[in-house]
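Q: First, the structure itself, so that you have it in front of you.
Values quoted throughout were computed directly from the atomic coordinates according to the rules given, and no laboratory measurement underlies them. On a predicted model such as this, the values are computed, not experimentally measured, just so you know. Don't worry about glycine lacking a Cβ; one is built from the backbone with ideal geometry, like all the others, and counts go over all protein chains shown.
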Amino acid sequence: MQQQKTTHGARASRLAIGAMVAAMMAACTSAPPPAAQQSATQQSATQQPTAAAGPAAPAGGHGLSAFIGGFDANRDGVVTRQEYDAVRTQRFTAADTNHDGVLGEDEYVAEFAGRLQQQYAGRAQDDKYAGSIKQAHVRFKILDTDHDGKLTLTEENAIAGKTFQRTDTNGDGKIDQADGEKK
Ligand SMILES: [Ca+2]
Ligand SMILES: [Ca+2]
Ligand SMILES: [Ca+2]
């Protein structure tokens, strides 16, 4: 009985300490010292790359890995059809700088150049860079199926749909390493 009483007392004092700690923490929350504020800022800065990840190689390129790098927005190694469509629609909208709902060759190439520069990330522009820009001009002429100099989202979607199907070699509706590197 004596022992039980002691345990009881110890528990009560632990509760009291707990309440004190809680009160101290509440005080900290309402008035954070400068040091705590600074570490919170640092933390959000470190978390930023994860939050704004997006495709690892936004300008894409040839082959399966380049395709995944260009469209795997959440970087889980899989490009779902939904992800593919969302990334493309977002790029189309961003490219349409004069907001007329269609892309001129200049708008199309400028948007691609922005992604390519992002992919180069400070590396010097080489012959390959110039080649990629040249390819973007060629690509525009292919995508602009009725050759009126304006790329509509419908035109883009038609070709992109075929590209997705062709890349999805095992036909499971998503693109990942299981589809095998082609050529
Ligand atoms: Ca993904
Ligand atoms: Ca436009
Ligand atoms: Ca697949």
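Q: Give the residue that is nearest to R75 (Cα to Cα), with candidates limited to residues of region 137-183 that are free of Cβ contacts under 8 Å to residues at least 40 places away in the same chain and small (G, A, S).
A: Top of the filtered list is A178.
Q: Hey, another quick one. Whether any residue in region 162-182 is surrounded by 14 or more Cβ atoms within 10 Å (Cβ to Cβ) and within 16 Å of ligand 2 (Cβ to nearest atom) is what I want to check.
A: The answer is no, given that none of the residues of region 162-182 is surrounded by 14 or more Cβ atoms within 10 Å (Cβ to Cβ) and within 16 Å of ligand 2 (Cβ to nearest atom).
Q: Tally time: how many residues in region 141-161 are of a type in the set (D, E, K, R) and under 23 Å from the mean Cα position of the chain (by Cα)?
A: From region 141-161, those of a type in the set (D, E, K, R) are 141, 144, 146, 148, 150, 155-156; that's our starting set.
Next, from what is left, pick out any that are under 23 Å from the mean Cα position of the chain (by Cα): 156.
Number satisfying all stated conditions: 1.
Q: Only residues in region 116-136 that are among the aliphatic types (A, V, I, L, M) count as the first member; pair them with residues that are not in a helix (DSSP H, G or I), Cβ under 7 angstrom, at least 6 apart or cross-chain, and list the lot.
A: L116/A59
Q: Please identify the pairs in which a residue from region 81-104 that is under 18 Å from G60 (Cα atoms) and in contact (Cβ under 8 Å) with a residue 60 or more places away in the chain has its Cβ atom under 9 Å from the Cβ atom of a residue that is near ligand 2 (Cβ under 7 Å from one of its atoms) and among the hydrophobic types (A, V, I, L, M, F, W, C), counting only partners at least 6 apart or on another chain.
A: Close Cβ pairs satisfying both conditions: F92/L103.
Q: Another question about this same structure. Look at region 79-106 and say how many of its residues are within 14 Å of ligand 1 (Cβ to nearest atom), β-branched (V, I, T) and touching a helix residue (DSSP H, G or I) at 6+ places or on another chain (Cβ under 8 Å).
A: 2
Q: Exactly one of these conditions fails for I142: (1) β-branched (V, I, T); (2) away from ligand 3 (no atom under 16 Å from the Cβ); (3) surrounded by 17 or more Cβ atoms within 10 Å (Cβ to Cβ). Give me its number.
A: (3)
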